[in-house]
């Protein structure tokens with residue numbers, strides 16, 4: 001691990017203009033597990049720094065635009 005990576009990992013690093021999944025969940029009125037599900041299904045893009053995930057304002061805008069098109073269908077809880 002180089003020195004810069006070690007410094008970032010040892011501090012509570014947060015990129016500028018980025019939100020944690022918990023903050024995004026609060027903003028959107030959903031559970032954090034829903035945000036993590038969107039991230040894992042690649043519906044919502046995010047960045048990883050070490051073990052932490054961050055979502056930028058641009059990524060939130062893209063997600064919002066994607067959902068607004070009407071092409072998005074959430075089948076998470078649909079009966080099989």
Cβ-derived FRET efficiency at R0 22 Å, residue 27 paired with residue 47, nearest 0.05: 0.80
Distance in nm between pseudo-label sites at residue 13 and residue 62 (7 Å out along the Cβ direction from Cα): 2.1
Gyration tensor (Cα) of segment 15-68, equivalent ellipsoid semi-axes in angstrom: 15, 13, 11
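Readers should treat all values here as calculations from the given coordinates under stated rules, not as data from a laboratory. None of the values given here were measured: they were computed from a predicted structure. Because the Cβ atoms are built from the backbone with ideal geometry, glycine has one as well, and the counts that use them run over all protein chains shown.
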